[in-house]
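The values are calculated or read from the model by the stated rules, or taken from the named source; none is laboratory data. Remember, it's a predicted structure, so these values are computed and weren't measured experimentally. Here the Cβ positions follow ideal geometry from the backbone for every residue, glycine too, while neighbour counts run over all protein chains shown. Protein only, heavy atoms only, side chains kept; ligands, DNA and RNA dropped before computing areas. Shrake-Rupley method; radii C 1.70, N 1.55, O 1.52, S 1.80 Å.
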Amino acid sequence: NNMSDIKLKIRHVKRGGETKLDISGMGLTEIPSDVFELTQLESLDISDNRIVSLDRIGALHKLKSLYAQKNKISSLPKELLELEKLENIRLDGNIVAVNNTDLSVVFGVKK
């Protein structure tokens, strides 16, 4: 069961105070709410899922890298702009990437 795998991964990161979480390829349609409690996260890999929204991502204020390629994300929340440490965001293979040819401008993401 994928959900229990994900819960285990999240619990492991929480308990160990780790800064990376990889929940790629889990068939998710949304980011599990437990993820937003992991405020120490610096790297989040949610690629290769069916996630439609990045809402609440602002809770992860230490995030440096967000790997969200190959999802179903169609719009980006303003909260992304509040992630001052975000240096690296991957959105290829999402509807939003087609709509915004130059995301780096939208985010002022440092190349």
**Report entry** Surface per residue (accessible, 1.4 Å probe) for the chain, Å²
**Finding:** 58 Å²
Report summary line: Subtracting the Cα-Cα distance of HIS61 and ASP34 from 0.36 nm times their residue separation yields 8.2 nm
Query - the chain, relative contact order [Cα under 8 Å, separation at least 6], % - result: 19 percent
Report task. Would you please give the residues with an amide H less than 5 Å from that of GLY93, counting only those at least 5 places away or on a separate chain, with H modeled from the backbone geometry? Result -> LYS70
Query raised in the report: Is it possible to state the helix-based mean residue ellipticity at 222 nm for the chain, with each DSSP H run of 4+ residues giving -39500 (n - 2.57), the sum divided by total residues, to the nearest 500 deg cm²/dmol? What is it?
Result: -6500 deg cm²/dmol
Query - On Cα atoms only, tilt of 2-16 relative to the major axis of the chain in degrees - result: 80 degrees
Report summary line: For Rg and Dmax of the Cα atoms in Å, with candidates (1) 13.2, 40; (2) 14.0, 46; (3) 16.0, 48, the value calculated from the shown model is option (1)
Report task. Please give the solvent-accessible surface of GLU18 in Å², to the nearest 10, using a probe radius of 1.4 Å with every protein chain present. Result -> 70 Å²
Report summary line: If each K or R counts +1 and each D or E counts -1, the residues other than THR29 whose Cβ falls under 9 Å of its Cβ total +1
Report task. Go through LYS14/LYS62; LYS20/LYS64; LYS20/LYS72; LYS7/LYS85; LYS7/LYS64 and tell me which ones have a Cα-Cα distance over 18 Å in this structure. Result -> LYS20/LYS72; LYS7/LYS85; LYS7/LYS64
